[in-house]
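The structure appears right after this line, and notes come after that.
The values are calculated or read from the model by the stated rules, or taken from the named source; none is laboratory data. Fair warning: this is a prediction, and the values are worked out from it, not measured in the lab. Cβ coordinates were reconstructed from backbone atoms using ideal geometry, including for glycine residues, and neighbour counts include every protein chain displayed. Accessible surface areas use protein heavy atoms only, side chains included; no ligands, DNA or RNA. Shrake-Rupley method; radii C 1.70, N 1.55, O 1.52, S 1.80 Å.
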Amino acid sequence: GVYSQRATINAEARAKIAKKAVNYIEARRSVFIDSGTTMMCLAKILPNEELSIITSGPNIGLEISKNSKPSVTLIGGQLNRHNLCTSGIYALEFLANINIDIAFIASSSFSMDSGFTCGNFNEYELKKAVIKKARHKILLMDTSKLGKSLPYTFARLEDIELLICEKELPDEVKKAAHNASVTLL
């Protein structure tokens, strides 16, 4: 399907990002893992520890459940075939009752003007809700998404703490991240 075609693009960049991100996983924490191909790379290398995982990606939940220790909670809702994400009104209602320590969020694109954007309204609402709830917000994005803008801005640099990419970002972005107190990895 569409998802499996996307999974092969920039696979190396995604694996690098996931390896950096996994260091921020803490045992006995409530961890949100977004949907998408980069998050699948993270799910595959997640340590077998006492973790409370919440995810909007059913495929990610299934991957993590191969481990014996993490508990996995799936967010219900409408499934997007493009990135295997569940979202919509049921997802938002569900999130309202959940605490999130650490959130790993994916972005479809980033530009200096628009910030972090996605192309689906339901997913925009879900990502915004997660960012509002999470104590620590970590954004994972490969650099092929730079300088692009989709219709819905779910976050700006100042809304996150950490941005993980596979290689160095342009100076303009580095400066803006520094001004917004965002750590770049």
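A few points about this structure:
- Square roots of five times the Cα gyration tensor eigenvalues for the stretch 69-127, Å: 21, 15, 12
- Burial order of peptide ranges 71-78, 9-16 (average beta-carbon count within 10 Å, highest first): 71-78, 9-16
- Inter-centroid distance (Cα atoms) of the stretch 106-185 relative to the stretch 73-97, Å: 20 Å
- Helix 11-21 and the longest principal axis of the Cα set of the chain meet at an angle near 80°.
- The angle between the Cα long axis of helix 121-133 and the longest principal axis of the Cα atoms of the chain comes to about 90 degrees, rounded to the nearest 10.
- FRET efficiency, residue 98 to residue 148 (Cβ-Cβ, R0 30 Å, nearest 0.05): 0.45
- Residue 112-residue 8 FRET efficiency (beta carbon distance; Förster radius 25 Å; 0.05 resolution): 0.30
- For the chain, with all protein chains in place and a probe radius of 1.4 Å, 50% of the accessible heavy-atom surface sits on carbon or sulfur.
- Taking all Cα pairs closer than 8 Å and separated by 6 or more residues, the relative contact order of the chain comes to 19 percent.
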